[in-house]
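Written out below as structure tokens is the structure these notes cover.
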Amino acid sequence: MLYITNGKLVLEDRVLDGFAVGFDSKIADICPASAIPRSAETVDAAGKYVLPGLIDVHIHGYCGRDASEGSPEAIRVMAEGLVKNGVTGFLPTTMTVEKSVINAAFAAVRSVMAESLSWNGAAILGVHAEGPFINRARKGAQNESCIIPPDADWIIENSDVVKYITLAPECDPGFENIRRLTAAGIVVSMGHTDADFETACAAEAAGVRSVTHLFNAMSPMSHRAPGVVGAALTTGLYTELIADTFHVDRGLFSLVAKAKGEKLVLVTDCLSAGGLPLGTYTLGGKPFVATETVCRLPDGTIAGSVLPANRGIKNLWDNTDLPLWACVRCASLNPAELLGIDGKKGSVKVGKDADLVIADENLGVERVYIGGRERYGA
């Protein structure tokens, strides 16, 4: 059994100093440094933080590749890049594109899911299908010509890989498809939606569990029309936040964090430009320009981000009064709970998978273990 010693353990409710974590494929021991068996192999964290592995439930691309390519190699390249940011598990996220393209993306992920448990990159936890069941009025950077009515049968046929879907609930009369998707174990999130407050709350009652990229591509909040934003902030819905300080101004981070607590989920919504020099890339076959602060389509429409997951945590930490452990939780345990895998992942806790990250005071990643095996070492 390997022990990480001389580190500050970031647990789900505190930071623990002077303790070590021992593991093989799972975390087997958290003990005072003085109690480490003399025969044990150790890794010296040199006073740095020991975090749980990060989980990104909303990411389209990285290192020049896109989940919608329908290429196993594209998914592998993404995974190998993401692990360097401390991501140990992710949901490759498809766009609103042609159904045949989405099917090819599902097939590509299916072909490498098992392999991802042992390759030198982040593990695949399933697919997030962002669309194509969305509202044209809030399409954002999605392809309007590929928007279709909800089709639960199609998604359920692919439920071996599709674990999370973003749709507009007002486009599903009676919420029939939402109920069927939820019954099949698929997490349904509302996004790219023009629903009013009452419809959003009714959708939650029908099984919607989350809100996709808060404030973006949804009905806004006003004092007489709270919209989807109002529903996100006042109900028990999990809520995604892109903490790049552009998609949502940093001045709102504290308000959102206080409103959502353990239901706040940090995501990157990262595009293929992530991890690469700024310039022109493609998203679902459409060109976009990545600058230091934002990605835009040629017509100026805001697309996703180039945000690394560890940077999102640091942005939340820098711009709120939350302790580090609470910020880390938003990118580890909270998304694990959203996906229903918190019994195995999401925190440094005995019995859970040994998905661990050693990071410096700025959350720069130095070493990553997934299932107890080192997958990245700076």
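Brief remarks on what is shown
- Filtered residues of the range 100-140 (kept if among the acidic types (Asp, Glu) and part of a helix (DSSP H, G or I)): Glu115
- Residue ID - nearest to Asn177 (Cα to Cα), chosen from residues in the range 141-161 that are open to solvent by 30 Å² or more (accessible area, probe 1.4 Å) and assigned to a loop (DSSP other than H, G, I, E, B): Asp151
- Per the listing Val368, Val306, Val350, Val357, the residue uniquely among the hydrophobic types (A, V, I, L, M, F, W, C), out of contact with any Lys or Arg (no Cβ under 6 Å at 6 or more places or on another chain) and open to solvent by less than 20 Å² (accessible area, probe 1.4 Å) is Val357.
- Residues that are under 17 Å from Lys344 (Cα atoms) and open to solvent by 30 Å² or more (accessible area, probe 1.4 Å), drawn from the range 14-57: Asp24, Ser25, Lys26, Ala28, Asp29, Ile30
- Residue match in the range 286-300 (condition: in contact with a helix residue (DSSP H, G or I) (Cβ under 7 Å, 6 or more places away or on another chain) and either buried (at least 22 other Cβ atoms within 10 Å of the Cβ) or without any contact (Cβ under 8 Å) to a residue 60 or more places away in the chain (or both)): no
- Output for the range 259-285, where each listed residue is of a type in the set (A, V, I, L, M) and open to solvent by 50 Å² or more (accessible area, probe 1.4 Å): Leu276, Leu278
- Test for Thr94: is it open to solvent by 10 Å² or more (accessible area, probe 1.4 Å) and among the polar types (S, T, N, Q): no
- Any chance Thr245 is open to solvent by less than 10 Å² (accessible area, probe 1.4 Å), over 17 Å from Asn135 (Cβ atoms) and outside any helix (DSSP H, G or I): no
- Residues of the range 166-198 satisfying the condition of being open to solvent by less than 60 Å² (accessible area, probe 1.4 Å), closer than 14 Å to Asn135 by Cα and not charged (D, E, K, R): Thr166, Leu167, Ala168, Pro169, Cys171, Ser189, Met190, Gly191, His192, Thr193, Ala195
The values are calculated or read from the model by the stated rules, or taken from the named source; none is laboratory data. All values derive from a computational prediction rather than experimental measurement. Heads up, the Cβs are rebuilt from the backbone with ideal geometry, glycines too, and the neighbour counts pull from every protein chain shown. Note: accessible area is taken over every heavy atom of the protein model, side chains too, but ligands, DNA and RNA are not part of it. Shrake-Rupley method; radii C 1.70, N 1.55, O 1.52, S 1.80 Å.
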